[in-house]
1. Within the group L159, L155, which residue is out of contact with any strand residue (DSSP E or B) (no Cβ under 6 Å at 6 or more places or on another chain) and at pLDDT 95 or above?
2. Just need a number here: residues in segment 35-49 that are more than 10 Å from T113 (Cβ to Cβ) and of a type in the set (D, E, K, R).
3. Please state which one of A194, A211, A198, A239 is closer than 29 Å to A95 by Cα, hydrophobic (A, V, I, L, M, F, W, C) and assigned to a helix (DSSP H, G or I).
4. Within segment 411-428, restricting attention to residues that are assigned to a loop (DSSP other than H, G, I, E, B) and over 29 Å from the mean Cα position of the chain (by Cα), which residue is nearest to G382 (Cα to Cα)?
5. Can you say whether E428 is within 28 Å of G350 (Cβ to Cβ) and surrounded by fewer than 12 Cβ atoms within 10 Å (Cβ to Cβ), as far as the supplied structure shows?
6. Report the residue count in segment 397-420 for those that are of a type in the set (A, V, I, L, M) and in contact with a Ser or Thr (Cβ under 9 Å, 6 or more places away or on another chain).
7. Among the numbered conditions (1) assigned to a helix (DSSP H, G or I); (2) over 26 Å from the mean Cα position of the chain (by Cα); (3) polar (S, T, N, Q), tell me where S408 comes up short.
Amino acid sequence: MVAGAVSVTLLLLAGRYGYHRDELYFLLCGRHLDWGYVDQGPLVPALARLLDTIAPGNLVVLRTPSALLAGAAVLLVAAIARELGAGRGGQIFAAVLAAFSGIVLAGGHLLSTTTVDLLAWLVAALCAVRLLRTGDSRWALGIGVALGVGMLNKLLPALLAVGLIAGISIAGPRRLLRDRWVLAAAGLAVLLAAPNLAWQATHGFPQLGVAASISDGDSSYSGRLDALILQFVIISPYAVPIWIAGLVALLRWPRWRAYRAVGWAWLVVVGIVLLAGGKGYYDAPLLLVLTAAGAVVTAGWASRGAVRLRWGLLALGAVPFLLPSVVLLLPVLPADRLPGFVLDVNYDAGETIGWPAFADSVAAVHRGLTPEERSRAVILTGNYGEAGALARYGPARDLPRAYSGHNSMVDFGRPPESADVVIVVGWERSDPLNAWFHGCAPAGRVDQRVEVDNDENGGPIFVCRELRRPWAQIWDTEVRHTG
């Protein structure tokens with residue numbers, strides 16, 4: 001019931017605001033299907049292409065899989081709580097905590113690699129908990145399938161594998177490390193992930209370059225301090241004492257001795273994320289597992305003594321913490337009057353607003369060129385979202401093709417050598433562009449016609465002329481960038 005309510009709510013809100021920059025990028029990647037990309041595997045781009053073929057331009061259809069996966073994630077968290085011994089009340093409590101969590105609501109609203117990643121981790125975690133409870137190592141095959149399919153989306157499930165192996169090495173049972181079913185599961189995971197792994201290997205593992213950029217803080221939700229802070233808000237502040245109680249119980253309770261590897265797995269994974277400077281939501285699926293464990297502990301406490309009073313306190317405390325999550329993480333407020341505090345909490349909300357107006361701003365600059373200049377003009381964008389927006393909305397505005405050196409966009413083609421008039425958007429200053437062009441002049445600004453502080457609104461648009469060197473000489477070495 002809780003899971004169904006989550007999916008229905010997400011579907012009802014799926015058409016509000018507009019495309020997220022990542023969704024626009026997935027649609028472009030879907031036009032260039034491959035077994036891998038600089039920053040992801042083939043799964044979501046292929047899904048984006050399929051959905052956009054079925055219903056072109058339909059946001060609700062594009063986001064339906066994520067809404068359904070979010071509901072499935074809620075079910076999995078409740079199932080993990082049941083495996084740990086939760087009764088009906090504990091399972092519902094775990095489901096409610098998951099339903100209002102930031103990782104489920106925000107990820108479930110958008111077509112996102114994060115939502116697919118969340119499901120893969122939770123399926124693997126459920127199989128791991130069941131394996132540890134029953135001692136039946138055949139459940140390792142479920143872990144292998146989940147991790148292998150997950151690595152067709154992103155390589156992050158390998159981090160979960162490292163965490164589980166480390167947890168078992170620390171807390172046992174160590175016999176699993178040489179169990180034939182576990183070894184078979186490892187082989188199955190590698191086999192399923194092989195197409196993406198092979199693509200990464202033949203292209204020099206570009207995801208490592210993206211990871212380095214993230215570590216340097218060149219991306220949203222990155223940086224060690226931000227990653228640490230996110231641990232305490234990504235499920236919800238309300239859930240923090242609950243998942244901490246779950247972690248302590250997993251590590252200390254004698255009756256949960258069999259599950260200690262799961263607690264250690266999160267400690268190892270979050271340690272790697274913080275040390276490596278990864279994004280703070282990478283370990284969020286395991287935080288949901290800790291939350292499920294904490295729900296068992298909390299429900300047990302609430303079922304003793306003054307039962308009504310204790311459950312009443314839990315319900316009363318949830319109101320000021322959980323309900324605001326809907327306002328902060330879902331598009332329930334008018335896009336043209338979106339308060340700044342929403343963007344302070346949910347950066348991605350701003351990246352779903354104003355893309356058609358962004359294309360209008362670029363089109364106004366394009367119309368200002370002479371007819372002869374328009375005939376040989378192209379557009380260069382700073383990031384893949386801007387290129388994706390112009391690919392989606394540009395044809396209706398008679399715009400030329402937009403190119404970008406950002407992540408896999410650089411491999412989708414470079415401008416023709418005859419293109420020496422370039423409309424450039426996504427750079428705050430023209431200084432870096434002067435290394436590529438003899439002259440760049442401001443020609444306009446992005447006006448998204450709403451008061452929203454996102455990465456594009458108010459940014460300058462330049463017109464640059466006369467390349468200093470051919471595109472072939474600068475494209476891969478200077479224009480290419482990751483993050």
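The values are calculated or read from the model by the stated rules, or taken from the named source; none is laboratory data. All of these numbers come straight from a predicted model, not from anything done at the bench. Quick reminder, even Gly has a Cβ in these numbers, built from the backbone with ideal geometry, and neighbours come from all protein chains shown.
1. L159
2. 1
3. The unique qualifying residue is A239.
4. Applying the filter and picking the extreme gives P415.
5. Here the answer is yes, as E428 does meet what is asked.
6. 3
7. That leaves (2) as the condition not met.
Here's the yes/no breakdown for (1) at pLDDT 95 or above; (2) more than 21 Å from the chain's Cα centre (by Cα); (3) hydroxyl-bearing (S, T, Y); (4) closer than 30 Å to L250 by Cβ:
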| site | (1), (2), (3), (4) |
| --- | --- |
| V6 | yes, no, no, yes |
| L28 | yes, no, no, no |
| L47 | yes, no, no, no |
| D52 | yes, no, no, no |
| V60 | yes, no, no, no |
| A73 | yes, no, no, yes |
| E83 | yes, yes, no, yes |
| R88 | no, yes, no, yes |
| Q91 | yes, yes, no, yes |
